[in-house]
Amino acid sequence: MDPAYLSALAALAGSGVGGLTSFLATWLSQNTALKAQLLLQDKERRQEIYRAFVEEASKLYIDALTHAAPESSKTIGLYALISRMRIISSPKVIDEGQKVAHLIMETYDEPNKSPDDLREMRKGRTPDPLRDFSESCRKELQVLTL
């Protein structure tokens, strides 16, 4: 084989390998960036649902403490959020959300609390009905960052 052809073939092969390496590096970089972006969007979506659930459950819990019967228009939002969580959340988060909803519905069946009763509850450090739910959410969101 002519040495000139061998040099040209080696240069062409080197150029091809360099181009392929550059392509693979770019593709891997883009793929990693896309996965990170999707993970961040998923985490943000979950945070938004969890925030809305905590706000809605808090309002309903106070309403349940001070009223005898739930208004279905108020409670439907809580159950809608639980249904949304079923799509993207872990079973632990869903279970804790259902426990909160169940507690709220049970609280409506109890006698109404007066403002004095509410103050006493606050002084007595009544357990936070959303604590287990919040902790489950935090643990799930921490796993998403790994």
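Worth pointing out:
- Members of the range 64-76 found to be touching a residue at least 12 places away in the same chain (Cβ under 8 Å), over 13 Å from Q98 (Cα atoms) and assigned to a helix (DSSP H, G or I), listed by number: A64, L65, T66, K74
- In the range 77-116, the residue that is nearest to the chain's Cα centre (by Cα) out of those that are of a type in the set (G, A, S) and assigned to a loop (DSSP other than H, G, I, E, B) is S89.
- Inclusion of P127 among residues that are under 13 Å from D63 (Cα atoms) and outside any helix (DSSP H, G or I) is not warranted.
- Scanning the range 59-89 for residues that are farther than 16 Å from C137 by Cα and polar (S, T, N, Q) yields T66, S72, S73, T75.
- Candidates A57, A25, A52, A64, filtered to the one that is loosely packed, with under 12 Cβ neighbours inside 10 Å and small (G, A, S): A25
Computed from the coordinates by the stated procedures, all read-outs in this text should not be read as laboratory data. Bear in mind that the values here come from a model prediction, so they are computed numbers and not experimental data. As a convention, Cβ positions derive from the backbone with ideal geometry for all residues, glycine included, and neighbour counts pool all protein chains shown.
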